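Inspection log for the structure reproduced underneath, given as C-alpha cells.
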Amino acid sequence: MTEMKSEDPGAMGIQCDLMVPGRLRKAGVLSKLGGVRDGAGGNWRTRWCVLEDDFFWYEDEGALLSGQAPKGRIRLDTWFAMPVDAPNPDNLFVLHAIPRSLKLKANSKEEMREWVDALNFHGRMEPHLRLAFQRACNSHP
C-alpha cells in the first residue's frame, strides 16, 4: 500500500490521509452522474476520484473524512475513456469499464483531457490500442 497525503484542489478543500492499494496514477475531484437506472434521470454529485493501477474508485466527502469504504470501485480489466461528442462545454467524458459505464464531468477541458489520458494511457494498454484511443480522443475537440 502507498500512503497518499494530498490536499483536494477542488471545491471541498479537504486535507486527507488515504491508504491506497496499488500505484496511484491520478486523484482529484470530478462530478459523477448517478441514479440512472432503467432510463430514469440522474443527478450530478461531486466525488473524490482515484485512479490506481487496476482500479478507479470514487467516494463522497463524508466517506473521505471518516475513512469509510469508497462508494464505488471499478476494476479496470477491459476499459477505455472518451470525451462526449463536441460541442462539449461541460467537459463530459465517459469511462467504459465493461460491464459498467460512468459519465463524469471535469471542471475544465484541460482537466478532462488529463483524466481521459490518465485512464487510457497508464501503462496497461498495448501500443496499438493506445494509438487507436489517442486518435479517437483527439478527434473530439
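When the solvent-accessible surface of protein heavy atoms is calculated with a 1.4 angstrom probe, in what order do ASP77, ASP117 fall, highest first?
The residues order as ASP77, ASP117, largest area first.
Excluding same-chain residues fewer than 8 positions from LYS71, which lysines have a Cα within less than 18 Å of its Cα?
Of all the lysines, those that pass the test against LYS71 - Cα under 18 Å, at least 8 places apart if same chain - are LYS26, LYS32, LYS103, LYS105.
Report the local net charge at LEU95: Lys and Arg +1, Asp and Glu -1, summed over other residues whose C-beta lies under 11 Å from its C-beta.
Combined, the nearby Lys, Arg, Asp and Glu give +3.
By the gyration tensor of its Cα atoms, with a ≥ b ≥ c the square roots of the eigenvalues, what is the shape of region 31-124: rounded for a/c under 1.5, prolate for a/b over b/c, or oblate?
rounded
Keeping every protein chain in place, order ILE74, ILE98 by accessible area at 1.4 Å, biggest value first, i.e. largest first.
ILE98, ILE74
The values are calculated or read from the model by the stated rules, or taken from the named source; none is laboratory data. Please read these numbers as outputs of a predicted model, since none were measured by experiment. For neighbour counting, all protein chains shown are included, and Cβ atoms are generated from backbone atoms with ideal geometry for every residue, glycine included. The accessibility values were calculated without ligands, DNA or RNA, using every heavy atom of the protein model including side chains. Shrake-Rupley method; radii C 1.70, N 1.55, O 1.52, S 1.80 Å.
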